[in-house]
C-alpha cells in the first residue's frame with residue numbers, strides 16, 4: 001500500500017500550527033515591568049521557585065511570569081477588599097438589627113452577596129492598572145538579527161478576566177503605558193451598601209489604619 005501523502009492544505013495547516021507554536025513560545029518571553037502597590041513585599045511561586053516583588057518597587061520579568069504575578073497579586077488585593085467591605089457591612093447590619101446574624105443563609109444574602117465578586121472584569125481591570133504594567137522589550141525581535149516575520153496567531157479568545165485585563169494594558173499604545181502616577185485612594189465614609197458598579201480601589205494598610213483611627217475619634 002502506498003504511503004499516505006499529505007495534501008497541500010495539510011502541509012499549509014501544519015506549517016501554520018508550527019508557526020503559531022513558535023510565536024507563542026517567543027511571546028511568553030517578552031520582557032515586562034510590573035509594580036507592587038502594596039505596603040508589603042509580595043511573594044509568589046512559579047516553576048517551583050519563589051519570586052518576590054518588593055513593596056512600592058518595580059521589577060522586570062518575562063511575560064509568562066508577569067502574567068502569573070499580576071493574577072496572584074490582584075486576586076490578593078481584591079480578596080482583601082471583599083473581606084473588609086463584608087465585615088463593615090455585616091457590622092452595620094447587626095447594628096441596625098440590634099443583634100448578631102444567627103443564620104448563615106441570611107448573613108450571605110444580607111452581606112456577602114452584596115460585596116464585589118473576585119472575578120468581576122471591571123474590578124480586575126481597575127486593580128490591574130495599579131500594577132503599572134509596561135512592556136520593556138520584545139523577545140528575539142532585534143531588527144538586525146531577525147530573519148523572518150512571525151506568522152499571525154489564529155486563536156480563540158478563551159482568556160480569563162485576569163488575562164484579558166493584563167493583555168489590554170500590555171497591548172495599549174506606548175504613550176498609555178508610560179509610568180502613571182500612583183492612584184489616589186478615595187476616603188471612605190461610614191459603612192454603607194456600596195454601589196459595586198463603580199469598583200473601589202485597593203487601600204494600603206496605612207490608609208486603613210488612618211481611617212480606623214479617624215472613625216474611632218469621630219465615634
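Bear in mind that the values in this text are calculations on the coordinates, not laboratory data. Everything numeric here is computed off the predicted structure, so don't read it as measured data. Glycine gets a Cβ as well: all are built from the backbone with ideal geometry, and neighbour counts include every protein chain shown.
Annotations
- Peptide packing: for 71-78, 94-101, 21-28, the average count of neighbouring Cβ atoms within 10 Å per residue gives the ranking 71-78, 21-28, 94-101, highest mean first.
- Overall Cα dimensions of region 1-105 - principal axes, largest extent first, Å: 85, 38, 21
- 15 Å reach of a label modelled at residue 129, 7 Å along Cα-to-Cβ, counting backbone N of region 51-87: none
- Once both labels are positioned 7 Å from their Cα atoms along Cα-to-Cβ, the gap between residue 105 and residue 8 label points is 6.8 nm.
- Look at 162, 35, 139 and count the other Cβ atoms within 10 Å of each Cβ; fewest to most, that gives 139, 35, 162.
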